[in-house]
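The values are calculated or read from the model by the stated rules, or taken from the named source; none is laboratory data. Predicted model, so just to flag it, every value in this text is computed and none were measured. Neighbour counts run over all protein chains shown; Cβ positions are idealised from the backbone, glycine included. Note: accessible area is taken over every heavy atom of the protein model, side chains too, but ligands, DNA and RNA are not part of it. Shrake-Rupley method; radii C 1.70, N 1.55, O 1.52, S 1.80 Å.
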Amino acid sequence: MILGGSGYLGSAIAQVCDRAGAQVRVVSRSGEAFAGEGVRGDVRMPRLGLPPAALKQVQDTTHVVFTFGSVSWTSGPGQALETHSAGTKSALEFLRQLPNLEQAVHVSSLLALGRSEGRVTNRELYTGQKFRNWYEYGKYCAERHVRDTPDLPVGIVRFGPILGPDPRGGRLDTTHSLPAVFPHLLAGYPVHLAGRGDFPSWVTDVYSAAEIVHKALRNPIGRDTWSWFDPAKPTLREVFEEVCRPWGTVPKILEAKPLGRLVKLFGERMGTPAELAEYTDPWFDLDPAILDDIPRPWPIPEPGYLAATGQSLLGARAGRGISA
Ligand SMILES: NC(=O)c1ccc[n+]([C@@H]2O[C@H](COP(=O)([O-])OP(=O)(O)OC[C@H]3O[C@@H](n4cnc5c(N)ncnc54)[C@H](OP(=O)(O)O)[C@@H]3O)[C@@H](O)[C@H]2O)c1
């Protein structure tokens, strides 16, 4: 059962589980499914808001994934906390009603670490950090709820920004998080980054992320926390260059350091999109050995997924229109 399985990441997870022979149910408010059976439900409601017949049907569920809620860095406290915090709490309660549950996986974000200082690993969650936005805080609360229910078999998998063409067949959604910067860059506008973006971006592609979640279900992860990013560790600058390549555009990346706090205050006016204004410096110091907590073999990110991301936006411009 994949809660939020009709979304960008959730649909890739549904496809990977389906291909591996699982009987897949996808729960979301729309009830849409791009692999498996779609079920209408809302994580904010008791028992996911499922009617009695559907509740009876899901009693055979053995594995559950939490991958619901928007990744918008600009969402307000209502949206971010209702879904990520209260929704996770209520989804955890729902797990208690599944008599055959073997393993659940909560999809978290490296951004739950907010502005953590010093080296962080999979062990830390609260390091005294501040949060740049409600999304980060919502993901922090969600992970906190999971960690605070030691009686349930729920593991945590953290990802940084996930890229690659949309597994549902459309173009990548550029209204939220890092992809919101792409139309701006592709149109030739500048962004300001410390060290011109020569710091880790912690990105990965959507299918290797989905395979990691599947691995966490099957391995199983138990109550551990894993973090996954492309082991090649592309810098933010490399990400922007590769995404822009199919457009024949060289991204205009300017040094942010001398501008310091001004970039954050007047980010947009100075050419930095709102989504990036708070992320102009290295995001946190992750221990590079963190990947070793994931048993090998590791999935291999789709070759050329960064350029394919830009390519899919180019296709969208030709077909359905993208306002770059
Ligand atoms: N994309 C990334 O870069 C990234 C990175 C790290 C972590 N994550 C985490 O991965 C998860 C999914 O991200 P995504 O990019 O796939 O987002 P997405 O494309 O917006 O998908 C969100 C999914 O959640 C469902 N949903 C939203 N509110 C719901 C509710 N109240 N009840 C049930 N389902 C609900 C949506 O369907 P309906 O709207 O139809 O309900 C959709 O299926 C999020 O938890 C996010 O924090 C994503």
Sites D151 and R218 - FRET efficiency at Förster radius 25 Å, r taken between beta-carbons, to 0.05: 0.70
Evaluate the distance, in nm, between pseudo-label points positioned 7 Å from the Cα of Q23 and of W298 along their respective Cα→Cβ axes. 3.6
Tell me, what % of the accessible area of the chain is carbon and sulfur with a 1.4 angstrom probe? 51
Set of region 183-214 residues, backbone N closer than 20 Å to the point 7 Å along the Cα-Cβ line of H176: 183-184, 202-214
Around S109, which amide H atoms from residues at least 5 apart in sequence, or from another chain, sit under 5 Å from its own amide H, with H modelled in the peptide plane? F159
Residues whose modelled amide H sits under 5 Å from the amide H of G38, counting only those 5 or more places away in sequence or on another chain, are V26
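Averaged over every viewing direction, what's the projected area of the C-alpha convex hull for region 141-240? Give it in nm², one decimal, please.
The directionally averaged projection comes out at 8.2 nm².
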Measuring from centroid to centroid over Cα atoms, what is the spacing of region 299-315 and region 151-211 in Å? 11
Considering amide H positions built from the backbone, and no H for Pro or chain starts, which residues 5 or more places from W226, or on another chain, come under 5 Å of its amide H? I156, V157, R158
Once you've got the GNM for the chain with C-alpha springs shorter than 10 Å, pick whichever of A12, A53, A112 has the biggest mean-square fluctuation. A53
A232 paired with Q79, simple spin-label distance in nm, labels 7 Å along Cα-to-beta-carbon: 3.2
Spherically averaged projected area of the chain from its Cα convex hull (nm²): 15.7
Roll a 1.4 Å probe over the protein chains and send me the accessible area per residue for the chain in Å². 43
Pop a pseudo-label 7 angstrom from the Cα along the beta-carbon direction at both Y126 and A307 and give the gap in nm to one decimal. 4.7
To make sure I understand the rule: partners must be aspartates and glutamates, Cα under 15 Å from the Cα of K215, and not fewer than 8 residues away in the same chain. Which ones qualify? D18, E102, D224, D292, D293
Equivalent-ellipsoid semi-axes of region 183-264, from the Cα gyration tensor, Å, largest first: 32, 17, 9
Helical contribution to [θ] at 222 nm, DSSP H n ≥ 4, -39,500 (n - 2.57), averaged over the chain, rounded to 500: -8500 deg cm²/dmol
Label zone at L254, where the point sits 7 Å out along the Cα-to-Cβ direction: region 173-206 residues whose backbone N lies under 16 Å: 184-197
